[in-house]
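**Q** To start, I am sharing the structure in question, which I have written as structure tokens.
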Amino acid sequence: MIKITFPDGSVREYAKGITPLQIAESISSRLAQDILAASVNDAEWDATRPINEDASIKLFKWSDTEGKHAFWHSSAHLLAEALQEMYPGIQFGIGPAIENGFYYDVDPGTAVIKESDLPAIEKKMAELAARKAELVRQDITKEDALKMFGDRGETYKCELISELQDGTITTYTLGSFTDLCRGPHIPSTAPIKAIKLLSVAGAYWRGDEKRKQLTRIYGITFPKKKELDEHLALLEEAKKRDHRKLGRELELFMFSQTVGQGLPLWLPRGAALRDRLEQFLRKIQKRYDYQQVITPHIGNKQLYVTSGHYAKYGKDSFQPIRTPEEGEEYLLKPMNCPHHCEIYKAFPRSYKDLPLRFAEFGTVYRYEQSGELHGLTRVRSFTQDDAHLFVRPDQLKDEFLKVMDIISIIFKALKFDNFEAQISLRDPNNTEKYIGSDENWEKAEAAIVEACQEKGLNAKVEYGEAAFYGPKLDFMVKDAIGRRWQLGTIQVDYNLPERFELEYTGSDNQKHRPIMIHRAPFGSMERFVAVLIEHTGGKFPLWLTPDQVVVLPISERFNDYAREVAAELAANDIRAIVDDRNEKIGRKIRDNELKRIPYLLIVGEKEQENREVSVRKQGEGDLGVKKITTFAADLVQEVEQMVNNSVI
RNA sequence: GCCGCAAUAGCUCAGUUGGUAGAGCACUGCAUUCGUAAUGCAAAGGUCGCGGGUUCGACUCCCGCUUUCGGCUCCA
């Protein structure tokens, strides 16, 4: 007998060799039906795999992440089985479960799998799933595995096997398809009832662009058709919040083929919104003793040779601008830091001057790969809400904490609650690719980790993700369909102060090297606005939105009064427009609701007589009548409250 | 940059084995002067992304390019 401990701490005895599924049956047959996978002593475990020693177990259902994971992983095998039947000779790479669904990377040889082929593959999968075949686990020696996959000509699998430790290799067989796999899997394909293959894409083998590009097929499956339908409906809803679509509809920004790829043009409404975001940050930065600077959009090539960026990125950037002068070359600036370093250098600096904080909304130009461009989130010209802080080593942590405060103020003000924080540190096994002394790196990394702890920030630590010049803390926010984008960033830099030979005179009257912190709470104005659009669905906070109020005259007879109202609101710094089209009031309401204007003021005979407006709030309907002056005062107060609550 | 999809009026999209294009909305004009999510009528609007080829004839088939979209790689 063996002792099985359950998550609630209770212990029961079972015969040796019992499976999690049998344990579930011993509790209730209903539970047994729902079990997809398990963990045994925190190791992932098939529901049908025997347990031979005392263990603590967890049982996973569809409602558990681990359950979904096994379900989708098995679905990937089902996809592979279908592909194997439909495309003889197809080779398989890897096929894992992902956050929402699964994919399989395959090499179909000379065949091409297109999006239009997906329905047929789905059909085949459904057919195979209906056989309710079991997924059978088997231990296999390295030698046998190499022979088995080698005989089938599976070069990708053989490459994977050759890197595995003998004795740890397992395969799973589903119908006619046997795959190298660690598991765990669901007991059989029986619960896979709803299947949708979403897209095909290219993906380099092992993520290496120098190796062959395989065909990646993305899909998702569910135990119930209803859940699939709901998932697809959710994706449809998300598409409506796509910033590229809303950017056009709300007249915020555009692109022009003639201007060039990835070069956004901000329309009046978008520019106004962006400007308000900038003013908002300027105000905060002023409180934190930042000083605004302004630097040109180009810089002498030598500047970037000094910074080291030319050597690293020169070839893949916009190429130098030549002048009539022989040998003279300028680069569009890909970042603002070198310019700010020169400002630092312009005067002798004392330890009493530090920290120095130079801020600039600096537009930079980077030649991003064409395939990587994406709406406003990945562009070739963008404006960083940049600042460079020059600090003494003893000020590093404190200054880091202050930057975190600024980011926190902004995220709170714009209700970005679901951000993820990531600390990027050196790859401990490959320290030579980083610049700077071990001692400095260790200090800086420790400072970031401690700062996060002090702030109670739950940050994920990623090794090997640091920039070559220093560790960093990034804030990531998801877009409408779950893609992660880096917004705020704080980076410690020992490299540039070194390269630019920045100095300050210490209290000991000796020269010392300052540490530099790069930081951008928004990240870039472009990306931030993009994510903001997707988060709000275009319903921006009242203080930020382009048009706060639209006045809707009932008929043309009241156009003059409507304009008077708008003028009075404008006198109170309220952004109001008039919809004086010759349309019925119902039509005007509909159109302006769709434009997401927060307040609609309807004016007709009654309102004109009493100097009133009939107030309607976006999405909430009629709020009744108010005096113009009252409405204006209320709105001004609403905006002030928003700003005061967030900027303290 | 790579793999795959795509590109038709300002926008969203039809266009059925190749016979030189159509709708709704928007825009414009006229009528209407209206009370809380779409008033009616009319007119106008397209080098079917660009370039080449096949063909008597190409929006449609083929090739190249540009751009977009889904991914991959990259992201100072």
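Read-outs: derived from the displayed coordinates by stated rules, not from any lab. Not measured: the values here are computed from a predicted model. We place every Cβ from the backbone using ideal geometry, glycine too, and count neighbours over all the protein chains shown.
**Q** Rounded to the nearest 20 Debye, what is the dipole magnitude of chain A about its Cα centre when Lys and Arg each give +1 and Asp and Glu each give -1 at the C-beta?
**A** Values: 90 positive and 100 negative charges, 227 e Å.
Roughly 1100 debye, rounded to the nearest 20.
**Q** Taking amide hydrogens as modeled 1.01 Å from N in the peptide plane, which residues meet the under 5 Å criterion relative to A:Glu329, leaving out close sequence neighbours?
**A** Here the answer is A:Lys301, since their amide H atoms fall under 5 Å of that of A:Glu329.
**Q** Place a label point 7 angstrom from the Cα of A:Leu623 along the Cα-to-Cβ direction, then list the residues of the range A:530-547 whose backbone nitrogen is under 18 Å away.
**A** A:539-547
**Q** If you put +1 on each Lys and Arg Cβ and -1 on each Asp and Glu Cβ, how big is the dipole of the range A:1-122 around its Cα centre, in Debye rounded to 20? If you can, show how the numbers build up before the last one.
**A** Details: 9 positive and 19 negative charges, 90 e Å.
Using Cβ point charges on Lys, Arg, Asp and Glu, the range A:1-122 gives about 440 debye.
**Q** Go ahead and collect, in residue order, the members of the range A:457-472 whose backbone nitrogen is under 19 Å from a label point 7 Å along the Cα-Cβ direction of A:Glu99.
**A** A:458-463, A:465
**Q** Spin-label point model (7 Å from Cα, Cβ direction): what's the A:Asn300 to A:Lys345 distance in nm?
**A** Modelled inter-label distance: 0.9 nm.
**Q** Would you please classify the overall shape of the range A:219-269 from the alpha carbon gyration tensor, given that a ≥ b ≥ c denote the square roots of the eigenvalues, rounded means a/c under 1.5, and beyond that prolate means a/b larger than b/c while oblate covers the rest? Intermediate values should be presented prior to the final figure.
**A** On the way: a/c = 6.66, a/b = 2.75, b/c = 2.42.
Prolate.
**Q** Related question: Got a sec? Which residues in the range A:482-506 would a label at A:Asp353 touch, if it sits 7 Å along Cα→Cβ and we count backbone N under 18 Å?
**A** A:496-506
**Q** Something else: With contacts defined as alpha carbon pairs under 8 Å and 6 or more residues apart, what's the relative contact order of chain A in percent? Working shown, then result.
**A** Details: 1182 pairs, mean separation 55.9, N = 648.
Over chain A, the number comes to 9 percent.
**Q** Full-extension gain between A:Glu372 and A:Glu236, please, as 0.36 nm times their residue separation minus the C-alpha to C-alpha distance.
**A** Working: separation 136, 0.36 × 136 = 48.96 nm, distance 2.31 nm.
Separation in residues times 0.36 nm, less the Cα-Cα distance, equals 46.7 nm.
**Q** Over the range A:550-648, what is the percentage of antiparallel beta bridges among all DSSP beta bridges, to the nearest 5? Display every interim value, and only then the final one.
**A** Working: 10 of 16 bridges.
About 60 percent, rounded to the nearest 5.
**Q** Next question. Calculate, in nm to one decimal, what A:Ala567 and A:Asp8 gain on full extension: separation in residues at 0.36 nm each, minus their alpha carbon distance.
**A** Numbers: separation 559, 0.36 × 559 = 201.24 nm, distance 6.68 nm.
Length difference between fully extended and current span is 194.6 nm.
**Q** Going through the cross-link list A:Lys286/A:Lys412; A:Lys595/A:Lys626; A:Lys196/A:Lys240; A:Lys196/A:Lys412; A:Lys68/A:Lys240, which pairs have a Cα-Cα distance over 30 Å in this structure? Don't jump to the answer; show the numbers that get you there.
**A** Numbers: A:Lys286/A:Lys412 19 Å; A:Lys595/A:Lys626 23 Å; A:Lys196/A:Lys240 21 Å; A:Lys196/A:Lys412 37 Å; A:Lys68/A:Lys240 27 Å.
Violating the 30 Å limit, Cα to Cα: A:Lys196/A:Lys412.
**Q** Set the Förster distance to 22 Å, then compute FRET efficiency between A:Ser26 and A:Lys225 from the Cβ-Cβ distance, nearest 0.05. Please report the intermediate quantities before stating the final value.
**A** Details: r = 31 Å, r/R0 = 1.43.
That pair, A:Ser26 with A:Lys225, gives E of 0.10.
**Q** Report, by chain and number, residues whose modeled amide H sits under 5 Å from the one on A:Ala467, excluding near sequence neighbours (fewer than 5 apart, same chain).
**A** A:Lys472
**Q** Give, in nm to one decimal, the length gained when the segment between A:Ala120 and A:Gln279 is fully stretched (0.36 nm per residue of separation minus the Cα-Cα distance).
**A** Details: separation 159, 0.36 × 159 = 57.24 nm, distance 5.45 nm.
Computed gain between A:Ala120 and A:Gln279 is 51.8 nm.
**Q** How would you classify chain A from its alpha-carbon gyration tensor, with a ≥ b ≥ c the square roots of the eigenvalues: rounded for a/c under 1.5, else prolate if a/b is greater than b/c, otherwise oblate? Let's see the in-between values first.
**A** Working: a/c = 1.93, a/b = 1.32, b/c = 1.46.
Since a/c reaches 1.5 but b/c is at least a/b, the shape of chain A is classed as oblate.
**Q** May I ask you to derive the FRET efficiency for A:Ala111 and A:Ile481 from their Cβ-Cβ distance with R0 = 25 Å, giving the value to the nearest 0.05?
**A** Numbers: r = 30 Å, r/R0 = 1.18.
The formula returns an efficiency of 0.25 here.
**Q** Do you know the relative contact order of the range A:323-433, to the nearest whole percent, from alpha carbon pairs under 8 angstrom that are 6+ apart?
**A** Working: 76 pairs, mean separation 25.4, N = 111.
Across the range A:323-433, relative contact order equals 23 percent.
**Q** Which FRET efficiency value, to the nearest 0.05, do you get for A:Glu209 and A:Gln138 by plugging their Cβ-Cβ distance into 1/(1 + (r/R0)^6) with R0 = 41 Å?
**A** On the way: r = 35 Å, r/R0 = 0.85.
Plugging the Cβ-Cβ distance into 1/(1 + (r/R0)^6) gives 0.75.
**Q** Which helices of chain A meet both criteria: a Cα extent of 18 Å or more along the helical axis and a mean Kyte-Doolittle score no lower than -0.5, with helices taken as whole DSSP H segments? Display every interim value, and only then the final one.
**A** Values: long enough: A:65-86 (31 Å, -0.35); A:225-240 (23 Å, -1.09); A:268-287 (29 Å, -1.20); A:396-413 (26 Å, 0.89); A:438-455 (26 Å, -1.02); A:628-646 (28 Å, 0.13).
TM-like helix candidates: A:65-86, A:396-413, A:628-646.
**Q** Also, I was wondering about something else. If the cut-off is a Cα-Cα distance under 14 Å, which aspartates and glutamates reach A:Lys617, setting aside same-chain residues fewer than 8 apart in sequence?
**A** A:Asp547, A:Asp591, A:Glu593, A:Asp634, A:Glu638
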